[in-house]
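To keep things clear, I will list the structure first and then write my remarks on it.
Coordinate-derived values only; no laboratory data. The shown structure was predicted, so the numbers you read here are calculated from the model rather than taken from an experiment. Note that we place each Cβ from the backbone using ideal geometry, even for glycine, and neighbour counts take in every protein chain shown.
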Amino acid sequence: PARSARTVTRSTCCYCGVGCGVLIESEGERIVGVAGDPQHPANHGRLCSKGRTLAETARNLHGRVLQPELRAQRHEQRRPVDWGLALDTVSARLADIIERHGPDSVAFYISGQLLTEDYYVFNKLAKGLIGTNNIDTNSRLCMSSAVTGYKLAFGADGPPTCYEDLEHAKTVLFAGSNAAYAHPVLFRRLEEARERDPDVRWIVIDPRRTDTAAMADLHLAIQPGTDVALFNGMLHHLIWEGWVDADFIAHHTTGFDELKQLLRDYTPRMAAEICGISAADLITAAEWFGRSPATLSLYCMGLNQSAHGTDKNLALIQLHLATRQLGRPGAGPFSLTGQPNAMGGREVGGMATMLAAHRDITNATHRAEVEQLWKLAPGSLSPRPGLAAVELFEAVRSGKVKAVWIACTNPVHSMPDIARVRDALQRAEYVIVQEAFRDTDTVPYADVLLPATTWGEKDGTVTNSERRISRVRAAVPAPGQARHDWWIVREVARRIEARLAGPGTGPMFAFDTPAQIFDEHTALTIGRDLDIGGLDHARLEADGPQQWPFPSGSRQGQARRYADGRFATADGRACFHVTPFRPVAEPISARYPLRLLTGRLRDQWHGMSRTGRVPQLFAHSPEPSLHMHPDDAARRGLKAGELVRVASARGELVLPLEPSDEVGSGTVFAAMHWSGQFLSSGGINEVSQPATDSRSQQPELKHAAVRVEKA
Ligand code: SF4
């Protein structure tokens, strides 16, 4: 038969927050190739190993969910059903539970991998129609400490920086970021900038000697969790030497004197002792940071996934504020987003602790604004913040939440202490799972499984780490009975609306396309810090990806924020906060004497439901392992490749041992990707612990106390 013509579709990579543009090549209903988009400003045609192999993840439909399935009783097998029955059943069960137990008896757990339009409809269903704020996302595990850090310091969420700053920075500080693996295309841009200008210096703060750290001019291998002491010590030194910008502090900030009071104790010697590094190295880092013409800090999970993640973010941002290292090319604090659309999710307010367009649930004016824009009766929106990820599954476990709808994420792999999550889903009255892939650890718990489309089949937008909104486009039609996430939610919402909505309520889910959903979303942003009233799908089509803010009448978005020294707080001043150092949530003990660190591999993505389908992506790290310093392994009589049991107070798993001097003595490391598909247990979150930051409610996935012994 004649071959179909080859079509090229411009879209965006579905993995990390770099947000690279891709060109998808398709023939008929098959994706046959992927190349980097030379016109996309994030990557200028580059792709990393994950992006380059995207076509292979879409090559066949093996392992896809292609038809709705449901079961009437928990002990039964799910059986395939048509969409009409699936949607009627889901909406009837949810409406029934809401009528019996109230709106807060249902919860949604969604994903930073959903498109902005999907996120918007989920959020409107939960908060606008049902009246619960119990909608959280796996972004809680990823970026929520960065959100609270930005809001407390600057008055609004979102980084002040842009990718062009990578090329302008003279000092680059990586904090808790292995960008060489987790954000490879940005890392390549940084490498090229340093090749062009050998005076550029890199400081890497990481307990492990990662590939990023191995390339640093100065690697500070601090003890896990001591970042705040380090930043406080650096700021102490900068104040002592007079290298802070006193004029900027006086006219553009508040709270500095209180912080200065605290910092008296953080002499470089004292701080260095806490961190387990030399005072000379701490002073060098402070000087490179404060005296550089432009210092850019790149930070990620090492700061965020912590019981003190907000303070870690604040202490780093405060270094930038005190030295005015922000608001100009190459300078500023820059949180690297983990997931492809964690930013878009924050923009629509798709989390338990926020409302649309960076509004606050606890702010009556903000609630009234959203009620008006959604045409809801005054007082309709719940003033109670919803349950954040860890407490959400605890509430399912305790029976407070009866029904949970999980979409595009795999909490039975990615949540801390997953035995409790499994227990929660077993006890739940009703579990809805909306997924593209059949083999995730969460799917077996589904009472109803709804087949969703995925990358290459979907249409909408995502926002990357630099606040840039890009189009995601479908290259091939939806396979089998799979449907778009926003469509599934809309169909359930319309059915629930018909049953629950009061008299006089207009149709809330009248949209038929992602472009119409985007328009509704942009209307909610007008006048807010992230105003994108000047954008719609047509504009993105014509002019390509754009950064926010982009108010109506704009010709282009804003590359850098706060350049004029005015911040998004009520008085326009940035805020310093008192940030005392506090140790990790779970100290080591005689029973659990080793510090477990977790992180990412270069060629895998999260739970591997997609990258795990590509054989060549296993070449770099073929199997799971536990890294242990050779001296620690020898002391325990453990040899390379031997199976060891890693146990914490919560659970255990068995891994092959890999002696490695990338970790210091007393510390072990395991990648977070391997899950039940590849291991007899659920992965490293069998042992991780669920302590959370009190402000961001992000769990401390990066650190746990463990013991290691022969299996
Ligand atoms: Fe995709 Fe991130 Fe790699 Fe770019 S850097 S190709 S967005 S995984």
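What are the ³J(HN,Hα) couplings of segment 235-242, residue after residue, when phi is run through the Karplus curve with 6.51, -1.76, 1.60 and θ = phi - 60°? Round to Hz, x for glycine and proline.
Residue by residue, segment 235-242 yields 5, 3, 5, 5, 5, 4, 7, x Hz.
Once amide H atoms are built 1.01 Å from N in the peptide plane, which residues 5 or more positions from His629, or in another chain, come under 5 Å H to H?
Distant-sequence amide H within range of His629: Ser660, Gly666, Thr667.
Considering only the other residues whose Cβ falls under 9 Å of the Cβ of Glu700, what net charge follows from Lys and Arg at +1 and Asp and Glu at -1? Can you show the working numbers first?
Details: positive: Lys702; negative: Glu586, Asp693.
That sum, taken over residues with Cβ under 9 Å, equals -1.
Rank Thr210, Gln113, Ala493 by how far each Cα sits towards the positive end of the charge dipole of the chain (+1 on Lys, Arg Cβ; -1 on Asp, Glu Cβ) and give me just the farthest.
Positive-end residue among those listed: Ala493.
For the charge dipole of segment 144-336, defined by +1 on Lys and Arg C-beta atoms and -1 on Asp and Glu C-beta atoms about the Cα centroid, which residue among Ser292, Met270, Tyr181 has the Cα displaced farthest towards the positive pole?
Checking the options against the dipole of segment 144-336, the answer is Tyr181.
So, with +1 on the Cβ of K and R and -1 on the Cβ of D and E, and no other charges, what is the size of the charge dipole of the chain about its Cα centre, to the nearest 20 debye?
Numbers: 79 positive and 81 negative charges, 168 e Å.
About 800 debye.
So what is the relative contact order for segment 594-710, in percent, with contacts set as C-alpha pairs under 8 Å and at least six apart? Can you show the working numbers first?
Working: 236 pairs, mean separation 41.4, N = 117.
Worked out over segment 594-710, it gives 35 percent.
Can you pull the one-decimal nm distance between simple spin-label points at Asp217 and Arg71, each 7 Å off the Cα toward Cβ?
Calculated label separation equals 6.0 nm.
Name the residues whose placed amide hydrogens come within less than 5 Å of the amide hydrogen of Val32, ignoring near sequence neighbours (fewer than 5 apart) on the same chain.
Residues meeting the amide H criterion: Glu25, Ser26, Glu27.
Using the Karplus curve 6.51 cos²θ - 1.76 cosθ + 1.60 with θ = phi - 60°, what ³J(HN,Hα) values do you get for each residue of segment 661-677, in whole Hz, with x for Gly and Pro?
Karplus-based 3J(HN,Hα) across segment 661-677 equals 8, 5, 9, x, 4, x, 10, 10, 9, 9, 6, 8, 6, 5, 10, x, 5 Hz.
Going by amide H atoms built from the backbone, whose H comes under 5 Å of the H on Gln698, apart from near neighbours?
Answer set, sorted by chain and number: Asp693.
Would you calculate the separation in nanometres between label points at Ile526 and His620, each defined as 7 Å from the Cα along the Cα-to-beta-carbon direction?
My value for the distance between the label points is 4.5 nm.
Just to check I understand the Karplus step: with θ = phi - 60° and J = 6.51 cos²θ - 1.76 cosθ + 1.60, what whole-Hz values come out for segment 599-616, glycine and proline as x?
x, 10, 9, 5, 10, 10, 10, 6, x, 6, 5, 9, 5, x, 9, 10, x, 5
Is segment 144-336 rounded, prolate or oblate when judged by the Cα gyration tensor, a ≥ b ≥ c being the square roots of its eigenvalues, rounded requiring a/c under 1.5 and prolate requiring a/b larger than b/c? It would help to have the intermediate numbers written out before the result.
Values: a/c = 1.34, a/b = 1.20, b/c = 1.12.
Rounded is the answer for segment 144-336, as its axis ratio a/c remains below 1.5.
For the chain, what's the relative contact order in percent, using C-alpha pairs closer than 8 Å and at least 6 residues apart?
On the way: 1691 pairs, mean separation 139.2, N = 711.
Dividing the mean separation by the residue count of the chain yields 20 percent.
With a ≥ b ≥ c taken as the square roots of the eigenvalues of the C-alpha gyration tensor of the chain, please select rounded if a/c is under 1.5 and otherwise prolate if a/b is larger than b/c or oblate if it is not?
Working: a/c = 1.44, a/b = 1.24, b/c = 1.17.
Taking the square roots of the gyration eigenvalues as a ≥ b ≥ c, the chain is rounded.
Take the alpha carbon gyration tensor of segment 594-710, find the square roots of its eigenvalues, order them as a ≥ b ≥ c, and report rounded if a/c is under 1.5; if not, report prolate when a/b exceeds b/c, else oblate. List each step's numbers first, then the result.
Working: a/c = 1.65, a/b = 1.04, b/c = 1.59.
Verdict is oblate for segment 594-710.
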